[in-house]
1. Filter segment A:136-156 down to residues that are open to solvent by 50 Å² or more (accessible area, probe 1.4 Å) and at the interface with another protein chain (Cβ under 9 Å from one of its Cβ atoms) and give me whichever is nearest to residue A:183 (Cα to Cα).
2. Counting only residues that are within 16 Å of DNA strand D (Cβ to nearest atom) and either more than 11 Å from chain A (Cβ to nearest Cβ) or surrounded by fewer than 16 Cβ atoms within 10 Å (Cβ to Cβ) (or both), which one in segment B:1-17 is nearest to the chain's Cα centre (by Cα)?
3. Is it the case, given these coordinates, that residue B:131 is surrounded by fewer than 16 Cβ atoms within 10 Å (Cβ to Cβ) and not assigned by TED's automatic domain parsing to the domain that holds residue B:238?
4. Taking segment A:35-47 on its own, how many of its residues are within 13 Å of DNA strand D (Cβ to nearest atom) and either more than 14 Å from chain B (Cβ to nearest Cβ) or more than 23 Å from the chain's Cα centre (by Cα) (or both)?
5. Among what's in segment A:56-83 and is in contact with a strand residue (DSSP E or B) (Cβ under 9 Å, 6 or more places away or on another chain) and within 9 Å of DNA strand D (Cβ to nearest atom), pick the residue that is least open to solvent (accessible area, probe 1.4 Å).
6. Please go through (1) more than 14 Å from chain B (Cβ to nearest Cβ); (2) without any contact (Cβ under 8 Å) to a residue 24 or more places away in the chain for residue A:20 and return the number of the only condition it doesn't satisfy.
7. Would you check which residues across segment A:42-55 are more than 7 Å from DNA strand C (Cβ to nearest atom) and open to solvent by less than 40 Å² (accessible area, probe 1.4 Å) and list them?
There are 2 protein chains.
Amino acid sequence: MTDDVMTIRAFNRTVTRRLGVLNEKYLGREHPLIESRLLFEIGADGVLVRDLRARLGLDSGFLSRTLRALEGKRLLNTIKHRVDGRTRFAKLTRQGVAELRRIDALSNKLAESLVAPLTDEQTRRLISAMAEVDRLLRASGVEIAQTLPGSPEARWCLDQYFDELASRFEGGFDRGAGMASDVECFVPPDGTFLVARLFGTPVGCGALRTLGSGVGEIKRMWLAPEMRGLGVGRRLLAALEHAACERKMRAIRLDTHKSLTEAIQFYRLSGYREIARYNNNPYAHHWFDKTLTMHRRARD
Amino acid sequence: MTDDVMTIRAFNRTVTRRLGVLNEKYLGREHPLIESRLLFEIGADGVLVRDLRARLGLDSGFLSRTLRALEGKRLLNTIKHRVDGRTRFAKLTRQGVAELRRIDALSNKLAESLVAPLTDEQTRRLISAMAEVDRLLRASGVEIAQTLPGSPEARWCLDQYFDELASRFEGGFDRGAGMASDVECFVPPDGTFLVARLFGTPVGCGALRTLGSGVGEIKRMWLAPEMRGLGVGRRLLAALEHAACERKMRAIRLDTHKSLTEAIQFYRLSGYREIARYNNNPYAHHWFDKTLTMHRRARD
DNA sequence: GTCATTATCTGACTGTAGTCTAATAAATGT
DNA sequence: ACATTTATTAGACTACAGTCAGATAATGAC
């Protein structure tokens with residue numbers, strides 16, 4: 001374990017220095033960093049200033065002033081939004097798009113300069129190790145937190161979830177039927193609604209509700225496709241089970257559709273036993289059950 | 001190749017964000033970053049302010065002011081150096097050492113927090129991928145440059161080199177015999193002296209001199225132990241051969257001691273053929289030769 | 001229509017991380 | 001002894017990346 005810590009610290013040092021130096025060398029000192037970031041985030045299609053602020057978590061005054069600076073350099077325009085006159089839409093000018101492409105090319109050059117001194121074999125190994133680190137750091141960076149099912153983030157996750165059901169179920173999926181009404185049951189203290197976030201943006205969700213005395217039910221478990229297979233589902237499920245334990249539940253049930261094969265497999269591996277139908281959900285083909293033991297401890 | 005660039009850029013983004021956030025969370029906002037860095041670099045034993053400045057490449061005024069700030073916090077003292085009254089020696093106070101230990105503990109915590117959410121198997125894979133990335137980024141970060149054999153960096157490398165010879169040769173090694181006098185032959189245009197640097201500090205060297213008409217000789221090839229097996233030797237040798245080509249040399253010779261088995265192996269793999277004794281170096285047991293082809297191109 | 005909310009903008013202010021110039025003092029070369 | 005170099009220090013200045021308080025304008029709820 002101490003060795004692990006030393007390896008991580010050496011990695012931290014090397015990577016920070018190496019990438020820091022290169023980022024500065026290739027991207028720095030032509031614009032302030034924040035301006036490059038903005039050009040990059042605004043992109044060729046433009047964004048609402050409001051979304052930009054939310055995404056980057058910037059102070060509104062600071063963002064406003066930085067946008068003015070970019071306007072002064074003729075790299076972007078902001079125009080009043082047609083629908084909501086309070087917000088503005090930021091769009092790169094032709095010059096702005098050119099500048100963005102230039103930054104992008106520099107960024108590629110930076111990446112190439114990292115592997116340029118290496119042999120092909122070393123390059124291959126570096127790339128695959130980088131992909132592994134990226135994957136696992138993203139996995140470890142996911143934070144799970146409680147939220148209200150009506151929050152914008154929860155709604156966004158649920159939209160993604162229902163869209164996916166609609167595309168995967170053969171006969172489609174009608175989200176209207178009873179889906180909006182049961183939101184209340186995911187609110188504490190009877191239930192809970194968890195979102196998983198990576199770098200502040202939601203990448204998954206899961207809900208718990210009380211089904212009967214001492215019995216809970218897990219619903220709405222969803223993970224962004226790019227986050228699957230990283231152990232985030234396991235942590236989300238553990239957090240829901242932890243919430244169930246806190247509510248003195250002794251067992252958890254859940255149902256799922258036959259087309260969601262990874263989910264079925266996932267629940268089986270997580271200690272859920274298939275049981276007989278316990279509800280009349282028209283979209284369910286499998287029903288599961290797990291008895292909670294008291295000493296269970298979630299890692300979230 | 002485009003895929004590689006995308007992988008590197010994704011890695012850059014994820015790692016910068018993840019480590020940046022954590023560095024700030026654990027290390028930030030108690031001292032300015034530069035003060036933590038200084039505490040860390042000064043260490044429990046103290047350093048000469050001159051060396052500190054050289055190592056971190058800081059502006060002397062800036063360093064001076066930052067040291068004053070740390071003195072004000074009673075974390076260090078600077079005292080006039082006994083031998084050279086111009087420079088000062090910076091030493092942590094008892095409180096400074098305690099603070100350093102605290103920062104160190106936070107740094108360990110940071111490292112642990114990176115793997116805490118992962119399974120044991122994921123942790124194992126992340127650690128080994130990090131070690132690989134660290135290794136290869138250090139390899140790719142090495143820069144090879146020409147210098148004079150009398151420069152402080154060159155002298156430092158040569159000291160390391162001769163120390164290693166002294167410890168590896170059974171009968172020891174006498175560096176006095178003709179070693180100081182031949183420094184002139186490594187100066188352009190007849191010869192050259194190259195140092196390999198990683199993050200500004202020397203990690204290897206190699207020299208070329210003219211042996212006769214159209215024939216060069218490679219001498220003083222040394223690599224810091226921690227940089228071996230990373231392909232840096234190959235690059236250094238290629239750079240020396242490139243320098244030889246520039247000098248219109250048609251062949252290169254070199255000799256080596258029987259105890260330097262990696263070197264012997266390395267030269268063989270690099271296209272050198274063992275030949276008969278061509279000099280009367282008392283420490284040589286193997287003599288090598290390589291004919292240079294005109295189209296050879298070094299990557300450095 | 002009123003009022004609270006949301007979004008942006010403006011201006012004043014802060015902390016960090018420097019750079020640059022000049023002064024001073026000690027050491028070194030001749 | 002004197003000039004040059006080296007090392008530190010002090011002070012003035014800059015760029016960047018914000019924070020915070022308040023003004024203004026549009027929207028949405030009632």
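The values are calculated or read from the model by the stated rules, or taken from the named source; none is laboratory data. From a predicted model like this one, the values you see are computed outputs, not experimental measurements. Glycine also receives a Cβ, built like all others from the backbone with ideal geometry; neighbour counts cover every protein chain displayed. Heavy atoms of the whole protein, side chains included, go into the accessibility calculation; ligands, DNA and RNA do not. Shrake-Rupley method; radii C 1.70, N 1.55, O 1.52, S 1.80 Å.
1. Filtering segment A:136-156 for residues that are open to solvent by 50 Å² or more (accessible area, probe 1.4 Å) and at the interface with another protein chain (Cβ under 9 Å from one of its Cβ atoms), the one nearest to residue A:183 (Cα to Cα) comes out as A:143.
2. Selected residue: B:16.
3. Criteria not met by residue B:131.
4. Selection size over segment A:35-47: 4.
5. So, considering only residues that are in contact with a strand residue (DSSP E or B) (Cβ under 9 Å, 6 or more places away or on another chain) and within 9 Å of DNA strand D (Cβ to nearest atom), the one least open to solvent (accessible area, probe 1.4 Å) is A:81.
6. Here residue A:20 clears every test but (1).
7. A:42, A:43, A:46, A:47, A:52, listed by residue number.
Every residue, every condition in (1) in the same structural domain as residue A:230 (by TED's automatic domain parsing); (2) in contact (Cβ under 8 Å) with a residue 24 or more places away in the chain; (3) closer than 19 Å to residue A:256 by Cβ, yes or no:
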{"residue": "A:111", "(1), (2), (3)": "no, no, no"}
{"residue": "A:186", "(1), (2), (3)": "yes, yes, yes"}
{"residue": "A:192", "(1), (2), (3)": "yes, yes, no"}
{"residue": "A:202", "(1), (2), (3)": "yes, yes, no"}
